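Asker: Supplied in structure tokens, the structure appears directly below.
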Amino acid sequence: MRVLTAAQMREADSRTVREIGIPSIVLMENAGRQVVSALEATYTDLSSRRVAVLCGCGSNGGDGFVVARTLHQRGVRASVFVLGSIAGIRGDARLNLEILGRLGLATVEIAGGQDWELHFSDIAKCDLIVDALFGTGLVRPLGGLFETVAGDINGAGIPVVAVDLPSGLSADTPELIGECLRAAVTVTLGAPKLPLVLPPGEAYAGNVMIADIGIPADIIESVEGARLELLTRDAMREIVPARAAESHKGDYGHVLVVAGSPGRTGAAHLAAIGALRSGAGLVTVATPRGCAPVIAAMAPEYMTLALDEDAHGQIGPGALEQVLAFDHDVVAVGPGLGTGDIVAGFVSGLIERGSAPLVLDADALNVLARDPDRLSGRDGGRDLVVTPHPGEMARLVGLPASEVQAHRIEVARTFATSRRLHVILKGHRTLIALPGGQVFINPTGNPGMATGGSGDLLAGMIAAWLAQLLDTEAACKLAVFLHGLAGDLAEADEGEVAMTASDIGGRLGDAVLELSARRNVEKDDRR
């Protein structure tokens, strides 16, 4: 699902009117009616509520006028307040304002602070507020009257339903640019906007509902500019391949996990479990010789390859040739591997000499941070995936972690395009950046996943899906989505505080069933 900037949304609106022939006033009518449908779906007692509709003087206010009229026609008590000069309202918004007058629905003009003080007591008596003050056109912080309005409404504790965006958010950044209304529900029009899907703006949006107002999907898909998309359940469901009845383990790929060192064998185990639970036909853990018996005892389903080791128990000088000679389809390297000089040479050699797709995680990225120029993909980057958390990304690009967090999309996109590889920038709303510049936002997951081993699990998952799908983009998207979904299922059982990476790994099967809609059906059948 495409996430649009303010300029891209304007282009989509304009092209719908110009190329398709849908008048702008029809789009406004559709928008208002969709908001009312969202209100009815969210508040089953809507007919007994008193609703205050706060309207600006632009198109967003026009949407609000349609909302007020539709509520009025359905028997809901709706009061309309215009913040600004009614005389300045033009175009489609003006026409919808005049319709309100002909229906006998009065509007109250609030031109300044004194008017607001006079009428706020009436608004505070309402059970619901519709925020139709500003849409995607806001480019500067709320000031004066509007800043006061936002502060007072936030303090009143009345549920707010925002039209398109909560007033105070800018469509072009997830960052807060100033005071902002805090919505319980946001009904965004046509396509989601950046601050509705990324922090910190998303915290002000509440439950986001996407309203189809008549803009064709082809137009939304083809608007010019950088591509930012939100992963959806339906799209991810289509990626999961069906298994043929006559298939065998060789059909689903052999994943080699190069991981582990003394005291960190659990990381190797979790990466291998991530690969097994994601459907890899065969999984082998390549690990220092001394670690191999420990890891082999953790699970019977994967194999081990004992690698040459150095005096510290980390991989030794001969490990690279052993791995290159081993028959495998995909390599995941890094979890718990250590950060010594031999490890650094091993990872660089694997990038330069290996032929199989490569997933680089954890310590593999930490050693590459010493010489990031070695990190570059081949053939358009289809065979190389890096999975940094913000701290690891910061070391790779030479920026403070705070800068990476403040510009996550730009940092991930630039690194992916310049290095011709796939970047999975982990964290809340994990990002997937492709060599071609597209960036995807993952909506699944929760804070309970901030626990040791969660990332190791993901590295194995990516390798497993890559071995099966032979499509790096699809493998990254599906693995990240399922990883977060498994975390959500684990959180439902264990809670955010108690859940562990093993809990997440144990829910990966349920996550696939949930995605394919089989889990609930099978439960119903058993009942």
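Asker: Which of the residues spanning the stretch 328-359 are of a type in the set (Gly, Ala, Ser) and either more than 15 Å from ALA268 (Cβ to Cβ) or touching a Lys or Arg at 6+ places or on another chain (Cβ under 7 Å) (or both)?
Answerer: Start the filter on the stretch 328-359 by keeping residues that are of a type in the set (Gly, Ala, Ser), which leaves 332, 334, 336, 338, 340, 344-345, 348-349, 354-356.
Result: GLY336, GLY340, ALA344, GLY345, SER348, GLY349, GLY354, SER355, ALA356.
Asker: Sort out for me the strands (runs of 3 or more DSSP E) sitting completely within the stretch 171-275 that have 2 or more residues that are touching an Asp or Glu at 6+ places or on another chain (Cβ under 6 Å) and over 26 Å from MET449 (Cα atoms).
Answerer: 185-189
Asker: Those residues that are crowded, with 21+ Cβ neighbours inside 10 Å and within 36 Å of the chain's Cα centre (by Cα), I need them from the stretch 287-303; list them, please.
Answerer: The answer is THR287, ILE295, TYR302.
Asker: I need the full set of residues from the stretch 276-288 which are part of a loop (DSSP other than H, G, I, E, B) and touching a strand residue (DSSP E or B) at 6+ places or on another chain (Cβ under 6 Å), in order please.
Answerer: Listed by number, the list holds a single entry, ALA280.
Asker: Taking the stretch 358-374, which residues are buried (at least 21 other Cβ atoms within 10 Å of the Cβ) and assigned to a loop (DSSP other than H, G, I, E, B)?
Answerer: ASP361, ALA362
So that you can scan it fast, the table gives a plain yes or no per residue for (1) out of contact with any Leu (no Cβ under 6 Å at 6 or more places or on another chain); (2) touching a residue at least 60 places away in the same chain (Cβ under 8 Å):
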residue: ALA132; (1), (2): yes, yes
residue: GLY144; (1), (2): yes, no
residue: PRO174; (1), (2): no, no
residue: ILE177; (1), (2): yes, no
residue: VAL208; (1), (2): no, no
residue: ALA217; (1), (2): yes, no
residue: SER247; (1), (2): yes, no
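Asker: Okay, moving on. For GLU494, indicate whether it is over 17 Å from ASP383 (Cα atoms) and among the charged types (D, E, K, R).
Answerer: Details: over 17 Å from ASP383 (Cα atoms): yes; among the charged types (D, E, K, R): yes.
When the stated conditions are applied, GLU494 passes them.
Asker: Say whether the condition of being buried (at least 17 other Cβ atoms within 10 Å of the Cβ), in the same structural domain as GLY91 (by TED's automatic domain parsing) and of a type in the set (Lys, Arg) is met by at least one residue in the stretch 38-54.
Answerer: No.
Asker: Within the stretch 321-343, identify whether any single residue is in contact (Cβ under 8 Å) with a residue 60 or more places away in the chain, in a helix (DSSP H, G or I) and closer than 30 Å to SER502 by Cβ, and answer yes or no.
Answerer: Yes - at least one qualifying residue is present in the stretch 321-343.
Asker: Still on this structure, I have one more. Here are the criteria: (1) at positive phi; (2) in the same structural domain as VAL512 (by TED's automatic domain parsing). Tell me which single one ALA259 does not satisfy.
Answerer: Answer for ALA259: the failing condition is (1).
Asker: What number of residues within the stretch 399-409 are touching a residue at least 24 places away in the same chain (Cβ under 8 Å) and out of contact with any strand residue (DSSP E or B) (no Cβ under 7 Å at 6 or more places or on another chain)?
Answerer: 1
Asker: For ARG413, which of the numbered conditions (1) touching a residue at least 60 places away in the same chain (Cβ under 8 Å); (2) buried (at least 19 other Cβ atoms within 10 Å of the Cβ); (3) in contact with a helix residue (DSSP H, G or I) (Cβ under 9 Å, 6 or more places away or on another chain) fails to hold?
Answerer: Unmet condition: (3).
Asker: So which residues in the stretch 6-53 are touching a helix residue (DSSP H, G or I) at 6+ places or on another chain (Cβ under 7 Å) and not in a helix (DSSP H, G or I)? Give the steps one after another, and end with the answer.
Answerer: Residues of the stretch 6-53 touching a helix residue (DSSP H, G or I) at 6+ places or on another chain (Cβ under 7 Å): 12-13, 15-17, 22-25, 27-29, 31-33, 35-36, 39-40, 46, 51-53.
Those that are touching a helix residue (DSSP H, G or I) at 6+ places or on another chain (Cβ under 7 Å) and not in a helix (DSSP H, G or I): ILE22, PRO23, VAL51, ALA52, VAL53.
The values are calculated or read from the model by the stated rules, or taken from the named source; none is laboratory data. Remember, predicted model here, so these are calculated numbers, not experimental data. As a convention, Cβ positions derive from the backbone with ideal geometry for all residues, glycine included, and neighbour counts pool all protein chains shown.
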